[in-house]
Amino acid sequence: MHLEKSSAQRWTTTDTAKMAVVTGLYVAVTLVLSVISFGAIQLRLSEMFNYLPLFNKRYTIAVTLGVAIANLASPLGIVDVLFGSLSTWLVLLLCRAITKKIKNLKKKMIITALIFAFSMFTVAGQLTFFYQAPFFFNWLIIGLGELLSMTLGGILIYLLNKRLDLTK
């Protein structure tokens, strides 16, 4: 009987190193730009890494870990670590599932950007709960910030993919 290896057993040292680089880059970009990465109005440019799982599923874990580690610096602390990383992981899985059969990379990226912008209700919910901030207004502002981050980052990732094979 042939047992299928788990995905973790199939990762090479190179795969793990690539994942570590993505995790580290997410954290570094978020923290260097922390003044705009957290709060009611945020432009988290590190969200550009949300596109990487479209190229290779291993980056789902890398980006999720990056969010968890970066959110340790969040004013909401452990709540943001737990809810932010869980939300990111679920949305990354959703984006991969929805865009799986789409061949056009630009369409995949647009759909991913829109799904992530919509998913910002989780951040708005946290701000409403902890700061009594108006939910729909925050959702709109944070969603627009996410859409802007994903658009700018999407252009960068798209151009980077022309130079490097991000599937590897």
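Enumerate by residue number the trypsin sites (Lys or Arg not before Pro) in region 40-114 meeting two conditions: DSSP loop (anything except H, G, I, E, B), and at most 11 other Cβ atoms within 10 Å of the site's Cβ.
Lys100, Lys101, Lys103
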Can you spot the lysines whose alpha carbon is less than 19 Å from Lys100's alpha carbon? Ignore those fewer than 8 places along the same chain. Lys57, Lys108, Lys168
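Of all the accessible heavy-atom surface of region 48-94, with the other protein chains kept in place and a 1.4 Å probe, what percent is carbon and sulfur?
In region 48-94, the share of accessible area belonging to carbon and sulfur is 80 percent.
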Counting Lys and Arg as +1 and Asp and Glu as -1, what is the net charge of the other residues whose Cβ lies under 15 Å from the Cβ of Lys18? +2
Roughly how big is the chain's charge dipole about its Cα centre, with Cβ charges of +1 (Lys, Arg) and -1 (Asp, Glu), in debye to the nearest 20? 860 debye
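Classify region 16-98 from the C-alpha gyration tensor, please: rounded if a/c falls under 1.5, else prolate or oblate depending on whether a/b exceeds b/c. Intermediate results must be reported in sequence, preceding the final value.
Numbers: a/c = 1.74, a/b = 1.45, b/c = 1.20.
It comes out prolate by the Cα gyration axes.
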Which residue, chosen from Gly143, Ser85, Val22, occupies the Cα position most advanced towards the positive end of the dipole of the chain, where the dipole is computed from +1 (Lys, Arg) and -1 (Asp, Glu) charges on Cβ about the Cα centre? Val22
Probe 1.4 Å, protein heavy atoms only - accessible area per residue of the chain in square angstrom: 57 Å²
Pairs of alpha-carbon atoms within less than 8 angstrom and 6+ residues apart define the contacts here; what relative contact order does region 28-168 have, in percent? 31 percent
Quick one: length gained pulling Leu114 to Phe137 fully straight, 0.36 nm per residue minus the C-alpha distance? 6.5 nm
Gap in Å between the Cα centre of region 64-86 and the Cα centre of region 126-160? 15 Å
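The values are calculated or read from the model by the stated rules, or taken from the named source; none is laboratory data. Since this is a predicted model, take the numbers as computed values, not measurements. Please note: Cβ atoms are built from the backbone with ideal geometry, for glycine as well, and neighbour counts cover all protein chains shown. These accessible areas exclude ligands, DNA and RNA; they are computed on the full protein's heavy atoms, side chains included. Shrake-Rupley method; radii C 1.70, N 1.55, O 1.52, S 1.80 Å.
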